[in-house]
1. For the range 270-576, what are Rg and Dmax over the alpha carbons, in angstrom?
2. Report Rg/Rh for the chain, rounded to two decimals, where Rg is the Cα radius of gyration and Rh the Kirkwood radius.
3. Nearest 20 debye, what's the magnitude of the dipole of the chain about its Cα centre given +1 on Lys and Arg Cβ and -1 on Asp and Glu Cβ?
4. Fewest first, what order do Arg100, Arg56, Arg362 take by the number of other Cβ atoms within 10 Å?
5. Just how large is the dipole of the range 270-576 about the Cα centre, in debye to the nearest 20, putting +1 at every Lys and Arg Cβ and -1 at every Asp and Glu Cβ?
6. Quickly rank 265-276, 231-242, 444-455 as a protection proxy: mean count of other C-beta atoms within 10 Å, highest first.
7. Just report the Cα centroid separation between the range 496-522 and the range 265-317, whole Å.
8. Which one, Ser533, Pro395, Leu518, projects farthest toward the positive side of the charge dipole computed for the chain from Cβ point charges (K/R +1, D/E -1)?
Amino acid sequence: MTSTECIQGTIASQGYAYGQAFLWREGPVRLKPGAEKATDCSHEVKRLNQALATVRRHIQDVQDKAETLFDEATQALFESYQMLLDDEELLETITDLMERESIRAEYAVHRVMEDHARAISLLDNPYLKERATDIRDLSQRILKELLGIVPGPLPDLTDRILVAEDLSPAQSVQLNLHTLQGLLTDLGGTTSHTSILARALNIPAIVGTRHATRMIQNSDWVLMDAVSNRVYVNPDPELVQLYEASRARHQEEHKRLAELVHVPAQTLDGHAITLAANIGLPEEIPAACKTGAQGIGLFRTEFLFMNRSNLPDEEEQFATYRSALVQMHPHAVIVRTMDVGGDKDLPHLGLPKEDNPFLGLRGIRVSLRRPELLRTQFRALLRASAYGSLKIMCPMIATVEEIIEVRSVLQDVREELTAEGISIASHVDLGIMIETPASVMLAHQLIRYVDFFSIGTNDLTQYTLAVDRGNIEIRDLYQPYAPAVLLMIHQAIRAAIGAGKWAGVCGELAGDPRAALLLIGFGATELSMSAGSIARVKQALIQTHHHELKEWSEKALQCATAAEVSTLLEALRSHIFQD
């Protein structure tokens, strides 16, 4: 490959790197077909228990090492291993299979854990989907222990560019990633463990390249541009020199952004905006606070219901919500009620298989069909409300009847807890996510029954444009800047303002610095995004005047195509950073 050709993927951690490649290939354990049968099941169970005990010790060593490398929020990533090892139902399933079919321990482990990993990999939730890597890695560790496979010596990766198909958290710790110049993987996305760890260690990383391990040879010289998403193999000296200058500029910008953490999020003329973080686990809160997040604008609760064989009870949910509220105090935490169903299958819920799950039983529709789920979640949330500033938000509301029913359940639960003498907050704001054209068209009616709107631009774009955002065949038609989408967002925000209430945005547009300024011009008062986007959005915000943003937003509403909007946003960016 010449320096004029490049590899691309998904930027997981921004930065520049240049160094020699180290190609990490750790092939999976292959079990011989036809050798499954066991002659002594009790002996197989004993072998399994011995292997599990050894793997537990190894995993504890990994966790101990992680404590010296990462902050508390990142250390939480390694808890998934221990949770899997402590999952009695999972281990019982393996043992039952061994006894029922008289098969050897390694074959039972592989079958059960691979089925488990495959089911999770099909989920729509990106964070949970990528936990399949953890399950497969743990499975491999158990298999190696059962088969007596001794791992070879670990390589010295100092100043190298690590190129791998994927990395598990345990591999990441054992390989001493903190000595790397950069990281490239074939698989993974922005929420994969590899990406999270790379960001925690501030290592430039590009994941999901698909072909990096086939296109790069061991000891090739690799130039990584994890800002513009380009990877060059054996580049010309002139290109290396050019990127060295870019690296220096990037490091300077990184320092400037870090200095904005405690700067108020307001325009030059004093118009304040709440910049909050989207999270999927309470353990992500400390990292969000370090970026200057002024609250949690979207706390996804699906992790409580997925990757398990039973439903979380009230006490488990209460402990989780309380932890989030205590950590974020005095800032608010907006908790979204369970958003599963259809494309996010939960076997223990017994949801039907659907031909078109995006238009099926999902979001609030599931909760209203199974009111005991909603009541339990509301009980846990209201109990937790005594420990911080809580706001509750319901997904996929499309009709007035739905929000009336939700309010009725919430009121019943409030009265129930009060009668039991349980302390709860005197008032908890109730809001809905605006995700469908129907909710936009009814916004002036829906706002009468809630305290706020939070616009989920990802699904709103999908439903407005009738484009499945996960379908690569029509990926080019999924256009968040589409005028129809902007008009929908604007209409929903104006309906909230007209009723004297507030509206925020929690979709990907909120974390796009240029689009964020349009949303503020529309009247949004809260923007919630991935924690890593907060500094860049703030950087743009503090260099603008609110009256100017309103003018630019009005211009955007007159655009006829997404390309025109993009051109307008580029002009806005140039206007802001013209100095």
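Every number in this text was worked out from the coordinates using simple rules, so none of it is lab data. Since the model is a prediction, treat every value here as computed from it, not as a measurement. Methodologically, a virtual Cβ is constructed for each residue, glycine included, from the backbone with ideal geometry; neighbour enumeration extends over all protein chains shown.
1. Final numbers for Rg and Dmax: 19.1, 59 Å.
2. Checking Rg against Rh, the ratio lands at 0.98.
3. Charge dipole of the chain: 360 debye, to the nearest 20.
4. In increasing order of surrounding Cβ atoms, one gets Arg100, Arg56, Arg362.
5. Charge dipole, the range 270-576, about its Cα centre: 540 debye, nearest 20.
6. 444-455, 265-276, 231-242
7. Value for the Cα centre distance between the two parts: 18 Å.
8. Toward the positive end, the furthest listed residue is Leu518.
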